[in-house]
Structures are given as structure tokens and as C-alpha cells.
Amino acid sequence: MWIYLNDQFVEKKDARVSVFDHGFLYGDGVYETLRVYQGRVFLLERHLERLRQSCERISLDLSMKDEEWKSILGEILIRNELENAGLRVTISRGEGEMGIDPRLCARPTVVVMAKPVVTYTEQQREQGVSLHIASVKRNPELAQSPQIKAISFLNNILAKQEAVQVGADDALMLNMDGYVAECTTSNVFFVKSQLLYTPAVECGILQGITRDVVLELAAEQGVVAEEGLYPPEQLLQADECFITNTGIEIMAVSRIGDCQIGQGRRGLLTEKLRKAFHDHLNRYLSPCLNET
């Protein structure tokens, strides 16, 4: 495996970051994950723009242009002989003396990694996943903006750990007011009487890129969608539920805690939106990056 690390490509065994890196010491940094289909990146410009915004929100100075990113991403796909892949870009504050003052770091640490995409069988997608309503609450927006894709992920990890302990696939997190926010790495939608609902950004969620695409496609398909504040009881009474992120696309939820959702499998509207996603996928993909 080849990894991009601070202006050069290195093999996995040589990819090392200093123990004085503030990403390691304090979780001071941001990241972005991207999905590649046949060498073409899903909504590349939107991901790069969100990465820039995350950097700006923590005053992390990174002057790389889009063309530089495209060159790096294309090269890492070529070196790892990948056409369908998941990419992760991680940018930390960089190496510096111990202490939380950002001025201790002279330059950011930039890492780009690629791996084969995780695939799901049709049976897995039909069956869907199970969620556990975590006791761990989503960090309040006034404490840390959810629009910063921060590498300090302990809040989500604690919720995921709780879900694993009870045998669920993932955790559904509530905000400090008790309303549904999101899962540990995905946004959540639910369906009731053919209407589509999803927590509003004001609930303290990350405004996911795939979430935005689903809302765009729903409007095009004539599906009425609402963004709002929802107690968990509304999800438990839903006809359908699904989660979204770059890696899983649209994944049905069959169970939340001890409650079966709808028929306990992927619902008709979930399937309609999943089909629309793949039917229109081409328009969301960048030009091919891994052509030699």
C-alpha cells in the first residue's frame, strides 16, 4: 500500500508521523472521506470545499489548490492499482512542542490513504442494519461545530462502543435536547406515510454530502421531504428508516433497539431513492483521475 505523506508517496511500512504531532497529542486536525467509482470521485469539488471549510474553521493554514489534490488522489489510485476505492484525507496541525497553542506547529501534516471499497451484498442491503439509541449525546454545537470534520472523534467512538456492546451495528445519537441527531458516521432519514423526514442541520448534525444528494433526488422524484426536530419515538413508529454516507450510500435500517422498523427490511421508498442514486450517479462523478 502506498500512502501520501507530506509531499511524497511512501510505502505503508515507511509511513510514520511524529509522536509530537498535535493530531496524535490533542486530536487537533480535520479529515475528509471520498468515494471513487471506476477512477471517478463522487462530488469531488464538494468534498474539497468542505475540507477547506473545516481547515478555515480551526484556522489551519493549508493553501493546496484543487488541481494539486486531484493530482495526489489520481496518483494514489494508480500506485495502489485501484479503480473503486475509499479515500481518506487527514490534515493535522502538525508537529510541534507539547502544548495546545496552535502556534507551536510550523506546518500541517497531510496524509492521504486509499483502500478497496467495502461492498455489500444485495441480501445485506435488503436486510438492513440495526441501531442502538446511545446514552452518549452528540456534542452540542456551541461546544464544537459539527460542520468541522474533526479527527477528535471520541464522542462518536463512545456511542459506537455502546452499540457494539449490545450487538447493534451502529449507534443513533440524540442531541442535548433529546432530539434525533445522526449516527456515528452517517445521517439518518425515516419515512412515514410516504413522506420523508431527516433531522435539520440545527439539530447539531454534520450536513452530509450524500444527505444533500438524497434530498435533491427526493425532490426530483416527487417525494416530499421535511427537515426538522424529531424525538426518537417518531423513528420507532416509522414505516421505513435508512442512513447515508459516502461509503455506504443509502443503507436501510431494519431495527432500532428492540423495535422493528416497518417490515424489518428495506422499504419501497428507500429502494426508490437508492435506485435513483445509482441511475443518476454519473452526473455526480468527476473526470477519471487514475488515467496514466
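I'd like to check something: does region 184-193 contain any residue that is of a type in the set (G, A, S) and surrounded by fewer than 17 Cβ atoms within 10 Å (Cβ to Cβ)? Checked against the condition, which is being of a type in the set (G, A, S) and surrounded by fewer than 17 Cβ atoms within 10 Å (Cβ to Cβ), region 184-193 yields at least one hit.
Within region 218-230, not a single residue is surrounded by 14 or more Cβ atoms within 10 Å (Cβ to Cβ) and touching a residue at least 60 places away in the same chain (Cβ under 8 Å).
If you go through region 119-151 and keep only what is closer than 26 Å to V166 by Cβ, touching a residue at least 40 places away in the same chain (Cβ under 8 Å) and either hydrophobic (A, V, I, L, M, F, W, C) or touching a His at 6+ places or on another chain (Cβ under 8 Å) (or both), you end up with V129, L131, I133, A134.
Here region 80-120 is the region considered, the condition is being under 14 Å from Y26 (Cβ atoms) and hydroxyl-bearing (S, T, Y), and the residue that is surrounded by the fewest Cβ atoms within 10 Å (Cβ to Cβ) is T109. Checking each residue in region 272-287 for being surrounded by fewer than 17 Cβ atoms within 10 Å (Cβ to Cβ) and either under 18 Å from R211 (Cβ atoms) or among the basic types (K, R) (or both) picks out K272, K275, H278, H280, L281, R283. The set of residues in region 1-18 that are out of contact with any Lys or Arg (no Cβ under 9 Å at 6 or more places or on another chain) and β-branched (V, I, T) contains only V17. Look at region 13-42: where a residue is of a type in the set (D, E) and a partner is assigned to a strand (DSSP E or B), sitting 6+ places away or on another chain with Cβ atoms under 7 Å, you get D21/S92; D21/E95; D21/T109; D28/S92; E32/V89.
Every read-out reported here was derived from the displayed coordinates using simple, explicitly stated rules and does not represent laboratory data. Just so you know, these numbers come straight off a predicted model, no measurement behind them. Virtual Cβ from ideal backbone geometry, glycine too; neighbours counted across all protein chains shown.
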